[in-house]
Amino acid sequence: MGKETKQFMTVNDVAQLLNVAEKTVRKYVWQKTIPYLKIGGHVRFDIDKIHAWLEQREVPTLDEIRYGSWNRRADR
């Protein structure tokens, strides 16, 4: 079994992923609302944690709430 290498993103990478300004990502870091690491004085983001963070912020539609598909998503 081989070791899996972690993938890290920069502020610029996350800004592009979220389609926001780098300034916004830095604000999230300052507010500690986004998961990040400090490596050698540089801010880095674990790609898996960023994707999980995004999923946690997803807001269900009314149909998903009414018909239960939102609940099934949580079981994934």
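We did not get these values from a lab; they are worked out from the coordinates using the rules stated. The model shown is predicted, which means the values in this text are computed figures rather than measured ones. Every residue, glycine among them, receives a Cβ derived from its backbone with ideal geometry; neighbour counts consider all protein chains shown.
A few points about this structure:
- Pairs of lysine residues in the chain - Cα separation under 23 Å, sequence separation of 8 or more or cross-chain: 12
- Simple spin-label estimate for Ala21 and Leu37 in nanometres, 7 Å along Cα-Cβ: 2.9 nm
- Sequence ranges 54-64, 8-18, ranked by mean other-Cβ count within 10 angstrom, highest first: 8-18, 54-64
- Computed per residue of the chain from DSSP H runs no shorter than four, each worth -39500 (n - 2.57), the mean residue ellipticity at 222 nm is -14000 deg cm²/dmol.
- For the stretch 18-34, the Karplus equation 6.51 cos²θ - 1.76 cosθ + 1.60, evaluated at θ = phi - 60°, returns couplings of 8, 6, 10, 6, 4, 4, 5, 5, 4, 5, 4, 5, 4, 7, 6, 9, 10 Hz by residue, with Gly and Pro reported as x.
- Dipole in debye (nearest 20) - the stretch 8-74, about Cα centre, beta carbon charges: Lys, Arg +1; Asp, Glu -1: 280 debye
- Set the Cα radius of gyration of the chain against 2.2 N^0.38 Å, with N its number of residues, and you get 1.37.
- Taking the longest Cα principal axis of the chain as reference, the axis of helix 47-56 is set at about 30 degrees.
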